[in-house]
Amino acid sequence: MVRAKPVLHSIPPMKDLTTENITENVNLLNSQCDDPRTRFLVERLVVHLHAFARETRLSSKEWQAGIDFLVAVGQISTDLRAEMILLSDTLGLSMLVDSIDHPRTSQFTEGTVLGPFHTHDAPVTDNGFVLHSDPDATRLFVLCSITDSKGSPIRDVKCDVWEGDSKGFYDIQNPNRMEPDGRAVLRSNEDGIFFFNAVVPVPYPIPDDGPVGKMLKALNRHPNRPGHVHFMFEKLGYDKLITALYPRGDPYETSDPVFGVKESLIVDLGEVDAVISQKYQVAIGTKLLQYNFVLPSEKEALDIRASKATEALDGLGVKAKIINGLPVPDLD
């Protein structure tokens, strides 16, 4: 019995394959894809992958080493260890994709990398929650607000927050982890305010005992991230924001291995005064992080994304049209 599967459409004939025309032939076969965006993505991926191989005169030995490296990244990954995200982060791709997909004008809060330590099991709780039971920590009171582009407070925003402990470890790095620690899901109140008790973040090394760590060592790069607190905001009608805040003066502020630090996200810590202490029941003198996050509506974000995409593609000489904020080839 013939095992070949049926082909339901005509196949364009390929030319005799050479190093000069193989890219054209691959894209000829891939051009049968019905979805224009998928067809565009794969076509450009093939073009740039092949250009990399040609430009570097990539050897079979080097390509096999690359394949082995990617296999190792996949093999070490688990539900709690996101090595592939770590690889994307350390190559600057995560930051680039976020900046493209969630572009901001100066009036809105900038995003940054999700990182490999986010989980989906954080306790859903109330404002004022204490993230850590860490007895060695310097306490930090986080008091923030969320507004729209007109300065109006946004209530009932889902605020997913997480950070490491006073030694720079996230809970999922604890082999004896029994429950979430250092993370919570809160909601902004009617004034757009949310608040919680955390610890002053400290610098820490990203996991460097796997293939990504070996890559950093080979490149003579350090693994140390500056201290930060993560935030993720979601509300229907607004563009999702993944970001972090970095206390000023960290020794790794200007050499973050995942390229996540932006000037607008560097903050000066203050101290809780008598007014805040009485209102939120926090000890006077506790370190204080205050920040106002500004979220764009879905329409505002879509308009910014479309404008940035058009500008970028025009600069590259690519003829495209924008559909739902994403470019596809303009064949008209």
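Look at Phe169 and say whether it is surrounded by fewer than 20 Cβ atoms within 10 Å (Cβ to Cβ) and of a type in the set (Phe, Trp, Tyr).
Spelling it out, Phe169 is indeed surrounded by fewer than 20 Cβ atoms within 10 Å (Cβ to Cβ) and of a type in the set (Phe, Trp, Tyr).
Do any residues in the range 151-162 that are under 15 Å from Ala122 (Cβ atoms) have Cβ atoms under 7 Å from those of residues that are of a type outside the set (S, T, N, Q) and not in a strand (DSSP E or B), where the two are at least six apart or on different chains, and which pairs are they?
Lys158/Lys235; Asp160/Ala122; Trp162/Phe117; Trp162/His118; Trp162/Ala122; Trp162/Gly182
Just to verify a result, which residue in the range 217-258, among those that are of a type in the set (A, V, I, L, M, F, W, C) and surrounded by fewer than 18 Cβ atoms within 10 Å (Cβ to Cβ), is nearest to the chain's Cα centre (by Cα)?
Within the range 217-258, the match that is nearest to the chain's Cα centre (by Cα) is Leu236.
I'd like the full set of residues that are of a type in the set (A, V, I, L, M) and part of a strand (DSSP E or B), limited to the range 207-234.
Val229, Met232
How many residues does the range 48-74 contain that are surrounded by 14 or more Cβ atoms within 10 Å (Cβ to Cβ) and either touching a strand residue (DSSP E or B) at 6+ places or on another chain (Cβ under 6 Å) or under 30 Å from Ser10 (Cα atoms) (or both)?
Residues flagged as surrounded by 14 or more Cβ atoms within 10 Å (Cβ to Cβ) and either touching a strand residue (DSSP E or B) at 6+ places or on another chain (Cβ under 6 Å) or under 30 Å from Ser10 (Cα atoms) (or both) within the range 48-74 amount to 1.
Can you name every residue in the range 281-296 that is surrounded by 15 or more Cβ atoms within 10 Å (Cβ to Cβ) and either farther than 30 Å from Tyr238 by Cα or in contact with a strand residue (DSSP E or B) (Cβ under 6 Å, 6 or more places away or on another chain) (or both)?
Those that are surrounded by 15 or more Cβ atoms within 10 Å (Cβ to Cβ) and either farther than 30 Å from Tyr238 by Cα or in contact with a strand residue (DSSP E or B) (Cβ under 6 Å, 6 or more places away or on another chain) (or both): Val282, Thr286, Lys287, Leu288, Leu289, Gln290, Tyr291, Phe293, Val294, Leu295.
When you go through (1) among the hydroxyl-bearing types (Ser, Thr, Tyr); (2) surrounded by 14 or more Cβ atoms within 10 Å (Cβ to Cβ); (3) without any contact (Cβ under 8 Å) to a residue 24 or more places away in the chain one by one for Thr125, which number turns out not to apply?
(3)
Output the residues belonging to the range 18-73 that are of a type in the set (D, E, K, R) and either closer than 25 Å to Pro329 by Cβ or in contact with a Ser or Thr (Cβ under 7 Å, 6 or more places away or on another chain) (or both).
Glu20, Glu24, Asp34, Asp35, Arg37, Arg39, Glu43, Arg44, Arg54, Glu55
Do you know which residues across the range 303-325 are buried (at least 16 other Cβ atoms within 10 Å of the Cβ) and among the hydrophobic types (A, V, I, L, M, F, W, C)?
Across the range 303-325, the qualifying residues are Ile304, Ala306, Ala309, Leu313, Ala320, Ile322.
Please report, ordered by residue number, the strands (runs of 3 or more DSSP E) entirely within the range 241-332 with at least 2 residues that are over 30 Å from Gly151 (Cβ atoms).
In the range 241-332, the matching strands (runs of 3 or more DSSP E) lie at 320-323, 326-329.
Any residue that is within 14 Å of Met95 (Cβ to Cβ) and modelled with pLDDT of 95 or more - is there at least one of those in the range 247-254?
Within the range 247-254, none of the residues are within 14 Å of Met95 (Cβ to Cβ) and modelled with pLDDT of 95 or more.
The values are calculated or read from the model by the stated rules, or taken from the named source; none is laboratory data. In this text the structure is predicted, and so the values were computed from the model without any measurement. Cβ sites come from the backbone with ideal geometry, for glycine too, and all protein chains shown count toward neighbours.
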